[in-house]
Amino acid sequence: MSKPMFERMALIGVGLIGSSIALAARRHGLVKHIVGSARTKETVETALRLGILDEGVSSAREAASKADLVILCAPVGVCGVLCEEIKDVLKPGTILTDVGSVKSAIVEACAPHLPDGVNFVPGHPIAGTEQSGPEAGFAELFEDRWCILTPEPNTDQMAVSKLKSFWEGLGSNVEIMTPEHHDLVLAITSHVPHLIAFNIVNTAGHLERVTDTEVIKFSASGFRDFTRIAASDPTMWRDVFLNNKEAVLEMLGRFSEDLSNLQRAIRFDDGEALFDLFAKAREMRRGVIEAGQDTDQPDFGRRAKTESKDESPGSNS
Ligand code: NAP
């Protein structure tokens, strides 16, 4: 096997994403030693028990010290605080990155704490599921998925290309863009769809003339798929919306206008307008399948219980 790319990888946060990085990096021989910390002792113990980490420590500082790759795998809202906590122990030459679903706010929160000589290359794997915690991780999560890196123009290009190779080694395709562009794209492809799912599930929950049991019992594919997305981690999503406010509000404004058009078409029996909009949406689905982002297999939500989790559809947040 070829030489690992990194001697010591520190994961700060060992939930779904952190543990999946650890499992994939080990499988592909990309790192020699994996050290991790989390908010609670229980998570670190679970990650050790599952063989995700080589070493578990009780603080982000301890994890980051002596590491040549540090990955923040915690909720978006704590990344700045974590950077401040580890700044004095980061070695010159270390690559510091993150996996947060929002980029501009993380860059802004981390920038004041970056020591000279440390290469900060923010990242976001567009891969995920609605599950959380170390038990949810699996080595194939990033295969054939995109990972977006958002380095500043003056970032050391060797560090950017090393991190790019690392993500490619985990099975991803890598694209580089600005943090602002990332936030705009993700607002429409991920953040607003999650908000709609949270909202529709709550609306159903508030109905007075339809009981909760009926909503659950007759949850045909439409509602059922929304409940899956809406089962995503509340802390993670609270932080996403608080930290990508502008782009989400911009996209939500456009969404509301388009929804009003649909409402009008229904009210005035404009079947032609409805048909045209639905046909365009169907084309978009074809594009997603052709791009390899999903399969065209019918999914009636009746998968066998024994099916492995890497075959289940992700929330790709
Ligand atoms: P997760 O499964 O809930 O794991 C979060 C981890 O962060 C846990 O280990 C947690 O520790 C730790 N943590 C929380 N607060 C911390 C703190 N103050 N200091 C140190 N560690 C802390 O979440 P996840 O899904 O892996 O998400 C992690 C990041 O990935 C988020 O920024 C999210 O935006 C991004 N992301 C998520 C997805 C997705 O689909 N889930 C996809 C792409 C990117 P405890 O368990 O001890 O609380």
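Need one number: nm distance between label points at Asn199 and Glu7, each 7 Å from Cα along Cα→Cβ, rounded to one decimal.
Placing both labels 7 Å beyond Cα along the Cβ direction yields 5.2 nm.
Using the membrane-span-like helix rule (whole DSSP H runs, Cα extent along the own axis of at least 27 Å, mean Kyte-Doolittle hydropathy at least -1.0), which helices of the chain qualify? It would help to have the intermediate numbers written out before the result.
Working: long enough: 245-267 (32 Å, -0.36); 271-290 (28 Å, -0.15).
The qualifying helices are 245-267, 271-290.
Provide, as a two-decimal number, the C-alpha radius of gyration of region 6-177 over 2.2 N^0.38 Å, N being how many residues it has.
Values: Rg = 14.2 Å, N = 172, 2.2 N^0.38 = 15.6 Å.
Here the Cα radius of gyration is 0.91 times the empirical estimate.
In whole Hz, with x marking every Gly and Pro, tabulate ³J(HN,Hα) for region 65-70 from phi via Karplus 6.51 cos²θ - 1.76 cosθ + 1.60, θ = phi - 60°.
5, 6, 7, 9, 9, 10
Under the √(5λ) rule applied to the eigenvalues of the Cα gyration tensor, what semi-axes describe the equivalent ellipsoid of region 181-311? Give them in Å, descending.
Sorted largest first and rounded, they come to 24, 22, 20 Å.
Where in the chain is the longest stretch that carries no GluC sites (Glu not before Pro) classed as loop by DSSP and with at most 10 other Cβ atoms within 10 Å? Please report the intermediate quantities before stating the final value.
On the way: sites that count: Glu208, Glu307.
In short, 1-207.
How much accessible area per residue does the chain have, counting only protein heavy atoms and a probe of 1.4 Å, in square angstrom? It would help to have the intermediate numbers written out before the result.
Values: 17520 Å² over 317 residues.
Accessible area per residue: 55 Å².
With every protein chain left in place, what is the accessible area of Thr295 in Å² (1.4 Å probe, nearest 10)?
So the heavy atoms of Thr295 present about 80 Å² to solvent.
Subtract the Cα-Cα distance of Ala291 and Thr211 from 0.36 nm times their separation in residues, and report this length gain in nm to one decimal.
Values: separation 80, 0.36 × 80 = 28.80 nm, distance 4.02 nm.
Using 0.36 nm per residue and subtracting the Cα-Cα distance, I get 24.8 nm.
Within region 6-177, what whole-number % of the accessible surface is contributed by carbon and sulfur, with the 1.4 Å probe and all protein chains included in the calculation?
Working: 3320 of 6740 Å².
Exposed carbon and sulfur together represent 49 percent of the surface.
If I take R0 = 30 Å and measure r between the Cβ atoms of Glu168 and Glu108 in this structure, what FRET efficiency does the formula 1/(1 + (r/R0)^6) give, to the nearest 0.05?
Values: r = 28 Å, r/R0 = 0.93.
Calculated value: 0.60.
What value, in deg cm²/dmol to 500, does the helix sum -39500 (n - 2.57) over DSSP H runs of n ≥ 4 give at 222 nm once divided by the residues of the chain? Walk me through the intermediate numbers first.
Working: 13 runs with 146 residues, N = 317.
Only helices count here, giving -14000 deg cm²/dmol.
Please check: in the Gaussian network model of the chain (C-alpha springs, under 10 Å), which one of Val210, Val76, Val89 has the largest mean-square fluctuation.
The residue that fluctuates most here is Val210.
If you put +1 on each Lys and Arg Cβ and -1 on each Asp and Glu Cβ, how big is the dipole of the chain around its Cα centre, in Debye rounded to 20? Could you put the intermediate results ahead of the total?
Working: 33 positive and 46 negative charges, 139 e Å.
Using Cβ point charges on Lys, Arg, Asp and Glu, the chain gives about 660 debye.
Just the Kirkwood number for the chain, please: inverse of mean 1/r across all distinct Cα pairs, in Å, one decimal.
Values: mean 1/r = 0.0476 Å⁻¹.
After inverting the pairwise mean of 1/r, the radius is 21.0 Å.
Please turn the phi angles of region 135-144 into ³J(HN,Hα) values with the Karplus equation 6.51 cos²θ - 1.76 cosθ + 1.60 (θ = phi - 60°), one per residue in order, whole Hz, x for glycine and proline.
Ordered by residue, 3J(HN,Hα) equals 5, 7, x, 8, 5, 8, 3, 9, 5, 6 Hz.
Given labels modelled 7 Å from the Cα in the Cβ direction, how far is it in nm from Glu257 to Asp144?
Label at Glu257, label at Asp144, 3.7 nm between them.
Please build a GNM for the chain, connecting alpha carbons under 10 Å apart, and tell me which residue among Asn154, Asn261, Asn202 fluctuates the most.
In the Gaussian network model the winner is Asn154.
The values are calculated or read from the model by the stated rules, or taken from the named source; none is laboratory data. This structure is a prediction, so every number in the text was calculated from the model and none was measured. Because the Cβ atoms are built from the backbone with ideal geometry, glycine has one as well, and the counts that use them run over all protein chains shown. What goes into the accessible areas is simple: the full protein's heavy atoms, side chains included, and nothing from ligands, DNA or RNA. Shrake-Rupley method; radii C 1.70, N 1.55, O 1.52, S 1.80 Å.
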